[in-house]
Amino acid sequence: MTARSLVARLLAGDRVALARLMTLVENHHPDTAAILSQIHERCGRSYTLGITGPPGAGKSTLVDRLVGKLRERGQSVGIIAVDPSSPFSGGAVLGDRIRMQSHFLDEQVFIRSVSTRGTHGGLARATRHMAHLLDAFGKQFVIIETVGVGQTELDIMRVADTTVVVLVPEAGDTVQTMKAGLLEIADIFVVNKADREGALRIKTELEMMLQLRAPAEWSVPVLLTRATDGEGIETLLETVLRHRDAVAHSGAAAGHQAAARQEEFRAILRDEINRRIHANLEQQRFARLLQRIDRGEIDPYRAALEVLDEGGALPAPVSDPETSSE
């Protein structure tokens, strides 16, 4: 089945087509850019909520409860669970799916797990593309859940309209050594498992640290939740909606979207150039150049510049007209 026909089925509300297109973009299929171009006009209506934090913070349970509240309000939801391991390993992803099983039979909720594939920030490159697919499919909220390691917070900020950082009372020492950048990235802090000792202490520490920030229109709140029994979830959702309204009122949303489009353009360009390089390196012309490099007749730097200086050095490889949906 061609990618174009899958897109047509997606726009008609076909969940199977959505799942197959997600597989294509996750695997960086050659038709990825064309797929995203075809759905572009149908994008821009959903609101993306990023949920990040250390392992064991209860993010999946928190997301499950948030989805329940959104469904009570009649909102359709797409969930992308970014897993640091393979999506087929049965590890953390299986746990996420078990905790979200109450929504499996709800056709207004679509859940997809995706592997980071070793990206440094913990957020898969294809995650933004998947969010676009969910947007075009008509999901009103897209929730991206990911483990906060390394540069993940920066990654999630670039994709999400609202970023929620989830911590637990035991993260007190982590807060003391927290990078200032994280304070700039979080739109909302949540201290989950608030029935544990130290919850109020970490809440106070965060609030004191936030006071060191430069004045802004939005004051980052620190909320207490107990996701297992749903306590504080309604307040969290109301705060997310208030942040959405505040961003829209300030005009910052337009700037954020423009920056995201530029970043995505650069990423797509890098991916396409890399794909064409790898696809064409097997051609005889490049094979001869590689042999010259092996024999020491030309250094790698000069060889690379010669390739880039040649007209048509990176032609688009021929794509199979029939796109595999497996």
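The values are calculated or read from the model by the stated rules, or taken from the named source; none is laboratory data. Just so it is clear, the structure is predicted and the values come from calculations on it, not from any experiment. Glycine gets a Cβ as well: all are built from the backbone with ideal geometry, and neighbour counts include every protein chain shown. The protein model used for the area step is the full one, side chains on, heavy atoms only, and it has no ligands, DNA or RNA in it. Shrake-Rupley method; radii C 1.70, N 1.55, O 1.52, S 1.80 Å.
Within the full protein context, the accessible area of Met209 is estimated at about 40 Å² for a probe radius of 1.4 Å. At a probe size of 1.4 Å, how large is the accessible area of Arg285, to the nearest 10 Å²? Here the residue's solvent-accessible area equals roughly 90 Å². Any aspartates and glutamates with Cα under 17 Å of the Lys139 Cα? List them, leaving off those in the same chain fewer than 8 positions away. Within the straight-line cut-off, Lys139 pairs with Asp14, Glu41, Asp64, Glu72, Asp106, Glu107, Asp161.
Surface analysis of the stretch 5-73 yields an accessible area of 40 Å² per residue, using protein heavy atoms and a 1.4 Å probe. Taking Asp299, Asp187, Asp294, Asp195 and ordering them by how much accessible surface each has at a 1.4 Å probe, largest first, produces Asp294, Asp195, Asp299, Asp187. For the pair Met1 and Glu170, label points projected 7 Å from Cα toward Cβ lie 4.4 nm apart. Note on Arg292: accessible area approximately 80 square angstrom, rounded to 10, probe 1.4 Å, nucleic acids and ligands left out.
Lys and Arg at +1, Asp and Glu at -1: add these up for the other residues within a Cβ distance under 10 Å of Phe189 and post the number.
Working: positive: Lys203; negative: Asp187, Glu207.
My count for the surroundings of Phe189 gives -1.
Here the label points at Ala259 and Leu212, each 7 Å from Cα along the C-beta direction, are separated by 2.1 nm in the simple model.
Net charge dipole, the stretch 1-83: roughly 300 debye, given to the nearest 20, about the Cα centre with Cβ charges of +1 for Lys and Arg and -1 for Asp and Glu. Shown is the FRET efficiency for Ala267 and Ile293, computed with R0 = 22 Å from the Cβ-Cβ distance and rounded to the nearest 0.05: 0.15.
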